[in-house]
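Here's the structure, in structure tokens; my notes come after.
Derivation of every value follows stated rules applied to the coordinates shown; laboratory data play no part. These figures come from a predicted structure and were not determined experimentally. Reconstructed Cβ throughout: ideal geometry from the backbone, glycine too, with neighbour counts over all protein chains shown.
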Amino acid sequence: MNLESIGGIDFAALRTGCFHPSPAAWEDQVLYFLMLDRFSDDQENGYKGNDGTLVNTGSTPLFTPADAGNAVPTEAAAASWRDAGGRFCGGTLRGLSSKLGYLQRLGVTAIWVSPIFKQVAFDAGAYHGYGIQNFLAVDPHFGSADDLRRMVAEAHKRGIRVILDIILNHSGNVFAYEPDVVPFWNGGTFPVAGYRDASGAPTLPFDAPLAAGQGSPDAAIWPQELQAATTFTRKGKIRSWDYDPEFYQGDFETLKDISLGEGFLDPYRPSTALKVITQAYKYWIAFADVDGFRIDTVKHMEPGATRYFASVIHEFAQSLGKENFYLIGEITGGRSFAFQRLEETGLDAALGVDDIPDKLEFLVKGSRNPEQYFDLFRNSLLVNKESHIWFRNKVVTLFDDHDQVRKGERKARFCAGDPAYARQVIAVLGMEATTLGIPLLYYGTEQAFDGEGGNDRYIRECQFGGDFGAFRSRGRHFFDESHPVYRETSRILALRKDKIALRRGRQYLRQISGDGIGFGYPRMFGNEIRSVVPWSRLFDGEEVLCAINTDSVQARTVWSVIDHDLHRPGEHFRCAYSTDVAEVGTQLPVEDRGPTRAVHLTVPAAGFVIYEKAS
């Protein structure tokens, strides 16, 4: 299949057949984000296949601790390993299909897949997928359109939805300015030398669609309707990322900004380019039966363009029976901005809201006040409704991701650095899974990946090994279901699935006391907090009490407040989960401590616990 034009799509034929329904509530889901090029190449050996049996047909063995650093014994070898991380490494759609059982057993119910669309052919660094050259084709590095469709069908069989990462704001580096240097935005429109051919040279005309036989499928931009010069703003690259209109009109370095229309919100006149790209994404919904989109760089799109896209896509998906097709926008700029964008555009949820990743990561590591994290979910005045209802399904939470803009030039996964962080990762995964929002796991976290460095590539290690494996290795894969972080995450996510309070309940940071007399919220002393941090989720008369210990060295014991009206002295809370498995099943008596109702709670060092009312 090689579609060159939107006009060549038979939407009537695509609408026939049965489509996978949407989930009733996305807050019940657990998302997992993977960079396709870095996940699996289907060559691994010694892992559990989709049916749970051991696969011994591949060529890449399982990583062992002795393999750490095997790719960097010399500076020359280390340079080769680093260089490998800057280009396509070999992950494929077939590889992903072969690991869906691994994800299902982990507890994942929806995967967010990095962009699969065809990239500019001359850029070996386009492995990430954000430089699209053809909106109607799958990049051959990843496989074929039929591989995509088969992967989605296989995921659906295992109760896993599929969310595709898409881009509306820009294309790849498909044309060159005159001269061939990207200028900085200054409000004007710059001259263009031509569309780039397959080698990257700007040899093709820019002012009209390519004639038959002119160029190749690897040249210019596709579908053909996008080849008009008016597709692009042609205003040079962004220098000031918060200056309006620069951040709406400018290029992302070499990625070319697409003109999406005119107006701000009411009225908004969508451009031909926006209409064409919207049709292309409608095609992928029907062709592959996907369940949602993660929309890149929403901040840099006029809200009218976002609203147009959301309206058209939701209506089309509903016509296929996908009543709750989910649109997750990458919206930076704080809660107020995210709330405004969601309410005015019709997007379903926001990713990267405010500084949730910062507060989540560094609270667990002991350098943020707990109230800083929990207060992110309490701004009822902002959302003008009960905040737990809005935040539980409008915000996707995370602590690790693929670019970590918040960390500037120095990227680092949660487990990087201090060895204590690898012990605390279960606590941060537990906290994310049992607090408000839709939790998102970044691939490799369940194997305690520890990438860090001055470039995005260092937090984009290959889970299948290859030439750029995690832990500075090569030739070893990381699909180890016996890994302690994988095992504990699976246990936590199973409890989340079983207990509706952990998915939909109201949320309260709980006060603590050392002596059972004076109670207050856990807080930092100086520049750190080494304490139990408990919180409750309440739903329909049920309370589930969760807690972490930010002390990575020793267990801590505190009195924790519980709901006064739901419990009576003499009743008990039962441990449903603990990082110390010996604690599971033990019980805590409910006691009155003056006017306060509380339990005496111990959390292991760097640990996480879940308690429920004993039956």
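Label-point separation (nm) for ALA201 and TYR243, each offset 7 Å from Cα along Cα-to-Cβ?
Label at ALA201, label at TYR243, 3.6 nm between them.
With a cap of 16 neighbouring Cβ atoms within 10 Å, and only residues DSSP puts in a loop, list the chymotrypsin sites (Phe, Trp or Tyr not before Pro) found in segment 183-256.
Numbers: sites: PHE184, TRP185, TYR195, PHE206, PHE232, TRP241, TYR243, PHE247, TYR248, PHE252; in loops: TRP185, PHE206, TRP241, TYR243.
Sites meeting the loop and neighbour criteria: TRP241, TYR243.
How about segment 396-485: which GluC sites (Glu not before Pro) there are in a DSSP loop, with at most 16 other Cβ atoms within 10 Å of their Cβ? Working shown, then result.
Working: sites: GLU409, GLU432, GLU446, GLU452, GLU461, GLU481; in loops: GLU409, GLU461, GLU481.
Loop-located and lightly packed - GLU409, GLU481.
How about segment 422-505: which chymotrypsin sites (Phe, Trp or Tyr not before Pro) there are in a DSSP loop, with at most 13 other Cβ atoms within 10 Å of their Cβ? Before the final figure, lay out each step's value.
Numbers: sites: TYR442, TYR443, PHE449, TYR458, PHE464, PHE468, PHE471, PHE478, PHE479, TYR486; in loops: TYR443, PHE449, PHE464, PHE468, PHE478, PHE479.
Counting only loop positions with at most 13 other Cβ atoms within 10 Å, none of the chymotrypsin sites (Phe, Trp or Tyr not before Pro) in segment 422-505 qualifies.
Of all beta bridges DSSP finds with both residues in the chain, what is the antiparallel percent, to the nearest 5?
Numbers: 56 of 88 bridges.
Beta bridges within the chain, antiparallel portion: roughly 65 percent.
Taking every pair of alpha-carbon atoms in segment 505-613, what share in percent sits in each 5 Å bin, from 0 to the bin with the longest distance?
Bins of 5 Å from zero give 2, 13, 23, 27, 21, 10, 3, 1 percent of pairs.
What does the charge dipole of the chain about its Cα centre add up to, to the nearest 20 debye, if the Cβ of each Lys and Arg holds +1 and the Cβ of each Asp and Glu holds -1?
Working: 65 positive and 79 negative charges, 188 e Å.
The calculated dipole for the chain is roughly 900 debye.
For segment 172-198 and segment 104-170, what is the separation of their C-alpha centers, rounded to whole Å?
28
Would you calculate, for the chain, the mean residue ellipticity at 222 nm contributed by helices, counting each DSSP H stretch of 4 or more residues as -39,500 (n - 2.57) and dividing by all residues, to the nearest 500? Working shown, then result.
Numbers: 17 runs with 155 residues, N = 615.
Computed ellipticity for the chain at 222 nm equals -7000 deg cm²/dmol.
Please state the shape class of segment 123-245: rounded when a/c is under 1.5, otherwise prolate if a/b exceeds b/c and oblate if not, all from the C-alpha gyration tensor. Intermediate values should be presented prior to the final figure.
Values: a/c = 2.54, a/b = 1.54, b/c = 1.65.
In terms of gyration-tensor shape, oblate.
Using the C-alpha atoms of segment 359-505, what convex hull volume per residue, in cubic angstrom, is computed? Mind dumping the intermediate values first?
Details: hull volume 16.6 nm³, N = 147.
Per residue, the Cα convex hull of segment 359-505 comes to 113 Å³.
What label, among [x] 19, 52, 26, 3, 0; [y] 15, 39, 32, 11, 2, 0; [z] 17, 38, 24, 13, 5, 2, 1, 0, belongs to P(r) over Cα pairs in 20 Å bins from 0, in percent computed from the structure on display?
[x]
Which longest uninterrupted range of the chain lacks any trypsin sites (Lys or Arg not before Pro) assigned by DSSP to a loop state (not H, G, I, E or B) and surrounded by at most 14 other Cβ atoms within 10 Å? Mind dumping the intermediate values first?
Numbers: sites that count: ARG15, ARG158, ARG239, LYS385, ARG410, ARG523.
Answer - 240-384.
Pull out the extension gain between LEU265 and GLU481, defined as 0.36 nm times the separation in residues minus the alpha carbon to alpha carbon distance; nm, one decimal. Mind showing how you got there, number by number?
Values: separation 216, 0.36 × 216 = 77.76 nm, distance 4.85 nm.
The span from LEU265 to GLU481 would gain 72.9 nm if fully extended.
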